[in-house]
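In what follows, a structure is listed as structure tokens, so that the remarks can point back to it.
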Amino acid sequence: MIWEKRNYGIQVDAINWKNYDFEHAKSADLLVSVGGDGTFLSTALRITEKDKPIIGINSNPQSSEGSLCLPRYWYKKIPVIVDRLVNGQFNRRFRHRIRLLVSTSPTQLVSLDTITPRIVESHALHSYLSDEDSVGEPAVPNLSPDYLLPVRALNDVFISACLSARVSRYEISVDEEMAVPQKSSGLLVCTGTGSSSWYRSLHQVDVHLVSRLLYLASASHSDNAAAAEVAERFNRDLVFPSDSTLMAYSVRDLITNHVFKFGSPRGFAKKLRVVSRMDDAYLFVDGWLALPFDNGASVELSIHSDDALCVIDFDDSTIG
């Protein structure tokens, strides 16, 4: 790729993902992500301009899905890719991303690989053991979300306790409705792009489950073909367009009882506001970055057209 571009007299800088930062994205006319979906997400995180294009090339199509990259067969057509980029023979596709207004300073944003769970003192353990611990106790004051994070989430944002075995506690407001307390294993919020990833994995059903449900419903027999069709249609409908202005939210393992009540554990929203009621929690952005989200911290999640990511692809019908 580098030599092909240099043959056209184009300045090319090859940067390892560990050293890549906002300045690299800002100074480039085009970002080329060579790797898989993880590399693409990491590259896109530092792009802050709507018209800054990015293209993804799956460097190992045998072991990587690369759904955010060009189709697999393009891996062996690097000269064609470069020629089309130079001659403007490509399409621009805009994928919406999630904007985050937070109460925690963006200076505390760190790589996911650098965080470790804090040790909880014994006197604080009761907050993880009782379903009714928040009732009647004075709440920590909510902090106002005054900071705009410099990154946008292309796939998803996950909010949870740092240690997955601990219960995640927070208050959530959907589209300006009254905030309600929740206990769960975490809250996932995704874009249309992210709906084909973790979100889909959380909710997809297999044929055996559908077959069993049909059997119970009819109390007589189960049609395997019908079960396969229902499962396929249900799973397909989980994915929504990448240019949708809606976010999908999903509550993992929602705890419900007479204290904690909530409607459907998943749905769509234009705006979400979440306030932490945890002592050691984080916001995780696209599986790469983490921001502390301790008791009283708040975040507002929304989608704005100005934050869209410009992704380059080609018409398959014109492969050279």
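The values are calculated or read from the model by the stated rules, or taken from the named source; none is laboratory data. Here the structure is a predicted model, which means the values were calculated and not measured. Every residue, glycine as well, gets a Cβ built from its backbone with ideal geometry; the counts of neighbours run over all protein chains shown.
If you scan the range 236-287, which residues turn out to be among the polar types (S, T, N, Q) and farther than 14 Å from SER160 by Cα? SER242, SER244, THR245, THR256, ASN257, SER264 - these are the residues of the range 236-287 that are among the polar types (S, T, N, Q) and farther than 14 Å from SER160 by Cα. Select from the range 222-244 the residues that are of a type in the set (Asp, Glu) and not in a helix (DSSP H, G or I) and list them in ascending order. If the condition is that a residue be of a type in the set (Asp, Glu) and not in a helix (DSSP H, G or I), then ASP223, ASP243 are the ones that fit. Over 26 Å from PHE94 (Cβ atoms), in contact (Cβ under 8 Å) with a residue 12 or more places away in the chain, crowded, with 22+ Cβ neighbours inside 10 Å and hydroxyl-bearing (Ser, Thr, Tyr) - does that describe any residue in the range 167-175? Yes, that holds for at least one residue.
Pairing each residue of the range 179-198 that is closer than 26 Å to GLY66 by Cβ with any residue that is part of a helix (DSSP H, G or I) and not small (Gly, Ala, Ser), provided the two are 6+ apart or on different chains, yields C-beta distances under 6 Å for CYS190/TYR199. Residues in the range 21-44 that are over 16 Å from ILE312 (Cα atoms) and in contact (Cβ under 8 Å) with a residue 40 or more places away in the chain: PHE22, GLY38, SER42.
Within the range 151-166, being at pLDDT below 95 and out of contact with any Pro (no Cβ under 7 Å at 6 or more places or on another chain) holds for SER164, ALA165, ARG166.
Only one of the listed residues (TYR249, TYR282) is surrounded by 19 or more Cβ atoms within 10 Å (Cβ to Cβ) and in contact with a Pro (Cβ under 7 Å, 6 or more places away or on another chain). That residue is TYR282.
Return the residues of the range 67-114 that are closer than 24 Å to LEU246 by Cα and free of Cβ contacts under 8 Å to residues at least 40 places away in the same chain; say none if nothing qualifies.
CYS69 - this is the single residue of the range 67-114 that is closer than 24 Å to LEU246 by Cα and free of Cβ contacts under 8 Å to residues at least 40 places away in the same chain.
With respect to the conditions (1) farther than 30 Å from PRO117 by Cβ; (2) loosely packed, with under 14 Cβ neighbours inside 10 Å, VAL239 lacks only one, and its number is (2).
Report yes if GLY192 is at positive phi and small (Gly, Ala, Ser), otherwise no. Answer is no for this residue.
Scanning the range 263-320 for residues that are among the acidic types (Asp, Glu), assigned to a loop (DSSP other than H, G, I, E, B) and within 17 Å of ARG95 (Cβ to Cβ) yields one hit, ASP286.
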